Structure formats: structure tokens, C-alpha cells
Amino acid sequence: MPLTTVIITHYNHPRPMLDRAIVSVVKQAVRPDLYILKDKRKDHPYLSWYCAVADHVNTPYVAILHDDDWYEPTFIEQAEALLKQGAGYVFTDAKIHFPDDSERLNLSLSPDSSGFWDYQLVESKLFGMPYCISPSCCVFRTEDVLRSLIPGGVPCPFDSKVLAGPDALLTLLPLLWRDNVGVIGEPLSNFTAHAGSVTIDAMGDAAKNNDLLRCYLLAKRFYRACKDTYSG
């Protein structure tokens, strides 16, 4: 029985990108379940994520893979090993692939080796970066995703053009009830730099970038408010 379900969120990216994502899931060393979400909720895609997890995931772990990203073959295997040891969730770094065939690492907090970081270290690193860890780099506990993406409670500005912010809560809110996070010491996820990529595209557009940063700042403020409530 699989322990992980991978939800591929399919928007309007070219079919070859979706096919590449599917192949990367099928070729995992440890085979997960797979559900392809044809997401038509352009107003708020995170509600579609929530419904997909609630209605179609029967495994203890879940990963959300954007259709323009893909995994290395041992990602699920290495993530499950850390989750079985008690990690709240697991993340890896990603390689960004550019049209000129160059590549670079995505995160500014790349771990040197696999293991565990306590929640305070993860919190400090997440607040020290302008964006967030992409869900395509993570495997979560299913129950935590359902707690973190609550319909009607996701703090995303309605005037946002990038519809970002709640994705940051997937890596922030579990820190309220989990002691540590699993980290994989090698990049096992891959991103493509292209015009339709929300984060990468925004980096080259000042207005979009400011909108993106505003959304993530709001998500972090929401986390702080939740933390104050928990500690109070």
C-alpha cells in the first residue's frame, strides 16, 4: 500500500510539462498514488487543493506537485524515510532549469545533509527568506495539509494577481504542532524557468514581485497571529 499520494495541479501549461511531471511520479523508487487535479479555480486554487486532499487522498502523506515541476527518482523514498522517523514534513531543494540550459539551486537555505531541523530553526529560516518553500519541494502529513488550508480562512488578498500566500502556510502552520522538519541534503525537485511560472516569472516583473512579497508577508503575519493564540 502506498504511503504517499502525489497531487499534480494541472493549470494551462503545455501538455509536455504535465507528461514530464507524471513520468517523474511513475518512476519513483517507491511508487506513490497519483491524482491529477485539473484546477479551474483561478480565483483561489488553494481551495481546490483542499478539496482534492479531502476527497481523493487516503494515504498518511501527501505531496502537491505543480505541472511544470518534476521529481528526481528517490524523492518520495527519502521523504518517507524521514516522515517515518517523526518529521513533521520533509523538504528538499530544487534545481531551476533555464532556457539556455543553465541551472541553479532555488533555495537560500539548502541543507548540507539529510536529517532533522527543529521547528525554531525552520521558522527562523522561513522568516529570513522573501518567498516560501514551494509545495513541489515537500511531502506533508495529510492531516496537516487539511489543517493548514481551511476554506474561508486562507489569508490571500482578493486583489492579488499572483494568488500566492496560503502555500506558505503549508510549511509554517505545522510548526505550531510539530517538533521538527525533515531535510534532504540534495536537490530532488526541479523547476522550469518560463513565463507561466508564478514565482520565477514574478521575479522579473517589479509589480508582480511586489504583489508576491505582499502575499507572503500577509501569510507570515497570519502565522504569527496563530502562534500568539497558541502560546496564549
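Conditions tested, residue by residue: (1) in contact with a Phe, Trp or Tyr (Cβ under 7 Å, 6 or more places away or on another chain); (2) among the hydroxyl-bearing types (S, T, Y); (3) at negative phi.
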{"residue": "D69", "(1), (2), (3)": "yes, no, yes"}
{"residue": "P73", "(1), (2), (3)": "no, no, yes"}
{"residue": "E80", "(1), (2), (3)": "yes, no, yes"}
{"residue": "I96", "(1), (2), (3)": "yes, no, yes"}
{"residue": "S102", "(1), (2), (3)": "no, yes, yes"}
{"residue": "L105", "(1), (2), (3)": "no, no, yes"}
{"residue": "K125", "(1), (2), (3)": "no, no, yes"}
{"residue": "M129", "(1), (2), (3)": "no, no, yes"}
key: Leading residue by the ranking (farthest from the chain's Cα centre (by Cα)) among those in region 1-29 that are charged (D, E, K, R) and under 17 Å from D68 (Cβ atoms)   = R15
ask   = Does region 91-142 hold any residues that are touching a strand residue (DSSP E or B) at 6+ places or on another chain (Cβ under 6 Å) and of a type in the set (D, E), and which are they?
value = D93, E103, D118
ask   = Can you find even one residue in region 95-102 that is over 21 Å from Y35 (Cβ atoms), among the aromatic types (F, W, Y), surrounded by fewer than 16 Cβ atoms within 10 Å (Cβ to Cβ) and at pLDDT below 95?
value = yes
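Go through region 79-127 and tell me which strands (runs of 3 or more DSSP E), entirely inside it, have 2 or more residues that are of a type outside the set (A, V, I, L, M, F, W, C).
Passing ranges, in order: 94-97, 103-105, 115-118.
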request  = Of the numbered conditions (1) assigned to a loop (DSSP other than H, G, I, E, B); (2) of a type in the set (A, V, I, L, M); (3) within 17 Å of the chain's Cα centre (by Cα), L34 fails exactly one; give the number of that condition.
outcome  = (1)
ask   = Quick one: would you say A202 is of a type outside the set (S, T, Y), at pLDDT below 80, within 20 Å of Y46 (Cβ to Cβ) and under 13 Å from the mean Cα position of the chain (by Cα)?
value = no
task = Scan (1) surrounded by fewer than 18 Cβ atoms within 10 Å (Cβ to Cβ); (2) over 14 Å from T5 (Cα atoms); (3) out of contact with any Gly (no Cβ under 7 Å at 6 or more places or on another chain); (4) among the acidic types (D, E) for the single condition E77 breaks and write down its number.
result = (2)
remark   = Conditions (1) more than 26 Å from A21 (Cβ to Cβ); (2) modelled with pLDDT of 90 or more; (3) of a type in the set (S, T, N, Q) -> T171 fails only (1)
ask   = If you scan region 142-168, which residues turn out to be touching an Asp or Glu at 6+ places or on another chain (Cβ under 9 Å) and either at pLDDT 90 or above or surrounded by fewer than 17 Cβ atoms within 10 Å (Cβ to Cβ) (or both)?
value = P157, F158, D159, S160, K161
query = Can you name every residue in region 62-78 that is closer than 21 Å to H10 by Cβ and either more than 12 Å from the chain's Cα centre (by Cα) or without any contact (Cβ under 8 Å) to a residue 24 or more places away in the chain (or both)?
reply = D67, D68, W70, Y71, E72, F75, I76
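The values are calculated or read from the model by the stated rules, or taken from the named source; none is laboratory data. Bear in mind that the values here come from a model prediction, so they are computed numbers and not experimental data. We place every Cβ from the backbone using ideal geometry, glycine too, and count neighbours over all the protein chains shown.
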